[in-house]
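Comments concern the structure below.
The values are calculated or read from the model by the stated rules, or taken from the named source; none is laboratory data. For clarity, every value in this text was computed on a predicted model and none was experimentally measured. Note: ideal-geometry Cβ built from the backbone for every residue, glycine included; neighbour counts use all protein chains shown.
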């Protein structure tokens, strides 16, 4: 019997955007508790290019074993076209969105750069009614990251990045600085902090000022002209959506008792300074949650949170989409459209 096939983006080795190939692949089957989704759009996220490169930024002992060919991607919006026999929460024809199998699929098990993908129904939610598939696909990982850092962690899984569990902090009446405010996570961190009653200081390049002010930022800092750590003092929370080794520079902007949340914590070396300053540094790893996406769909439909799209590319042009991501200075999300 011939195995049904679909088109997908496959990679047969690690490397740059040129390793991405638009090829045929077997259609996904259905395990118990799963729905199969006909994909209309795919959101691109940093873990996609981390995986494409073989997670080379991680210490060797953290690098997951990879089995080729890989299909990248986690974030999808589409239509259910089949459900397992034990599934009654979703039906064929439902418009849905999801972050698929993350972090358990971070070595290539999510398989979202494709025309079809199977999704555990616990990770699935009805698509926001007011959003098209492109904007819905731009939400899951970035919006869940901002939500789980700032509002509700939503699970009790051990934190692989620090010994203690991450705990969001109160936002109402507080001052929150968001670094990388125009990017995928940053745009949502600004909006969620503002929604919960915080005063927001946004840090981004100058061309993004009007954009982040429209999201709710009350103060804007163009990092190409002014170093925020030289200008700001006594904030309650810094959300560093850029992260990495430079996060420590924001410690001096915080009041005693404040918090620094680096979204990408690897390379942070300011633990001693944080302790001396009385600052809490905390991070976590975003996890798939259909229940949280259902709650977030309400906020998206109400217009409380909106999704900005930097650019779109056809699925077959995933290489070009990754090249755009490498250029940086994104304003919102990059999304692949599927036929």
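Among the listed residues 200, 212, identify the single one that is within 23 Å of the chain's Cα centre (by Cα) and farther than 23 Å from residue 166 by Cβ.
None of the other options fit; the residue is 212.
Take residue 117 and decide whether it is more than 15 Å from the chain's Cα centre (by Cα), in the same structural domain as residue 46 (by TED's automatic domain parsing) and more than 18 Å from residue 291 (Cα to Cα).
Answer is yes for this residue.
Yes or no: residue 144 under 15 Å from the mean Cα position of the chain (by Cα) and buried (at least 20 other Cβ atoms within 10 Å of the Cβ)?
Yes: the conditions hold for residue 144.
Any residue that is assigned by TED's automatic domain parsing to the domain that holds residue 83 and part of a loop (DSSP other than H, G, I, E, B) - is there at least one of those in the range 142-158?
no
Just to be sure, is residue 312 buried (at least 21 other Cβ atoms within 10 Å of the Cβ), at pLDDT 95 or above and in contact with a strand residue (DSSP E or B) (Cβ under 9 Å, 6 or more places away or on another chain)?
no
If I ask for residues that are assigned to a loop (DSSP other than H, G, I, E, B) and surrounded by 19 or more Cβ atoms within 10 Å (Cβ to Cβ), which ones from the range 116-141 would you list?
Hits for the range 116-141 are 127, 128, 131, 138, 139.
Does the range 106-115 hold any residues that are surrounded by fewer than 21 Cβ atoms within 10 Å (Cβ to Cβ) and without any contact (Cβ under 8 Å) to a residue 40 or more places away in the chain, and which are they?
Hit for the range 106-115 is 109, nothing else.
For the range 44-78, give me each residue that is part of a strand (DSSP E or B) and in contact with a helix residue (DSSP H, G or I) (Cβ under 9 Å, 6 or more places away or on another chain).
Result: 70, 75, 76, 77, 78.
When the range 267-280 is examined, which residues are found to be under 28 Å from residue 144 (Cβ atoms) and in contact with a helix residue (DSSP H, G or I) (Cβ under 7 Å, 6 or more places away or on another chain)?
267, 268, 269, 270, 274, 279
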